[in-house]
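To start, the structure under review is shown below, and the notes come after it.
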Amino acid sequence: MPVDRRDSQSTILLSVATAVPLNVVLFGPPGAGKGTQADVFAECHAVPKISTGDMLRRAIQEGSELGLLVKDTLQRGALVSDDLMIRLVGQRLEWPDTAGGFVLDGFPRTIEQAAALERMMAGRGPIVVIALVVHADEVVRRLSHRGRHDDEEWVIRERLQVYSDSTEPVLEYFRRRKTVTVLDGNRPPEEVTKAIEGAVSQAIERASNS
Ligand code: AMP
């Protein structure tokens, strides 16, 4: 995917200059493009992409204890328990590669997880939340072209329901804390990438001035 690296270059300089870690959460419904954008962001800024969906799918593939525990939940499009997810992400955030920041994809998905993330991040710099808003019909169109196991129509419907019941309220939670920037995710991926770069730069600048 073509990426204009000039914007990200300035963000790197900015974050080095201010020593503010790039702690970024990409938020949005399934099919919003979080995974794709998280890949680009992680590569451009040399921070790890932490995708809870990828972690769980890998565990299932490996047939690990975790994988056996969550397999059925993923197949149904339901949410894995908060306890388990918070432990999983908490452990991942202790890896030294997260010192300069990270990009989270797929977490937090509940208010409980959002509150836990804030606790885990206390003293580790600001959390920049970027929410990608995408029309429902565009989400369905994108997911039905993706071909993942949990992209069958009834599972898609279930995951969208779970999103509006449990995950969308997290947006309001972050809004109240004024740490979220909402971006239009209906655009081509390169445009969304640029918008994310701009929003992260601004958020980091605000954080380092406050
Ligand atoms: P994703 O790849 O982010 O769409 O996640 C795929 C599936 O993994 C979801 O439908 C859930 O079953 C599970 N999952 C991923 N992240 C979380 C989370 N933060 N909390 C609960 N379940 C999750």
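The numbers here are math on the coordinates, done by the rules we state, and not lab data. The structure displayed is predicted, hence computed values, not measured ones. Backbone-built Cβ (ideal geometry, glycine too); neighbour counts: all protein chains shown.
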Inset, instruction - Could you grab me the full set of residues in segment 103-113 that are touching a helix residue (DSSP H, G or I) at 6+ places or on another chain (Cβ under 7 Å) and within 10 Å of the ligand (Cβ to nearest atom)? - result: 105, 106, 107, 108, 109, 110, 112, 113
Inset, instruction - State yes or no: is residue 183 among the hydrophobic types (A, V, I, L, M, F, W, C) and either in contact with an Asp or Glu (Cβ under 9 Å, 6 or more places away or on another chain) or closer than 19 Å to residue 78 by Cα (or both)? - result: no
Inset, instruction - Name, by its number, the condition in (1) more than 15 Å from the chain's Cα centre (by Cα); (2) within 15 Å of the ligand (Cβ to nearest atom); (3) not hydrophobic (A, V, I, L, M, F, W, C) that does not hold for residue 100. - result: (2)
Legend entry - Identity of the residue in segment 67-97, within 12 Å of the ligand (Cβ to nearest atom) and not in a helix (DSSP H, G or I), that ends up nearest to residue 171 (Cα to Cα): 79
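Listed here are the residues, each with its yes/no results for (1) polar (S, T, N, Q); (2) free of Cβ contacts under 8 Å to residues at least 12 places away in the same chain; (3) touching a Ser or Thr at 6+ places or on another chain (Cβ under 6 Å).
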site	(1), (2), (3)
149	no, no, no
166	yes, no, yes
178	no, yes, no
191	no, yes, no
194	no, no, no
210	yes, yes, no
Inset, instruction - Within segment 45-66, track down each residue that is crowded, with 20+ Cβ neighbours inside 10 Å, assigned to a helix (DSSP H, G or I) and more than 10 Å from the ligand (Cβ to nearest atom). - result: 45
Inset, instruction - Output the residue which, of all residues in segment 17-31 that are in contact with a helix residue (DSSP H, G or I) (Cβ under 7 Å, 6 or more places away or on another chain) and hydrophobic (A, V, I, L, M, F, W, C), is farthest from residue 190 (Cα to Cα). - result: 20
Legend entry - Considering residues of segment 81-92 that are crowded, with 17+ Cβ neighbours inside 10 Å and of a type outside the set (Asp, Glu) only, the residue nearest to residue 43 (Cα to Cα): 92
Inset, instruction - For residues that are crowded, with 19+ Cβ neighbours inside 10 Å and hydroxyl-bearing (Ser, Thr, Tyr), tally how many sit in segment 33-44. - result: 0
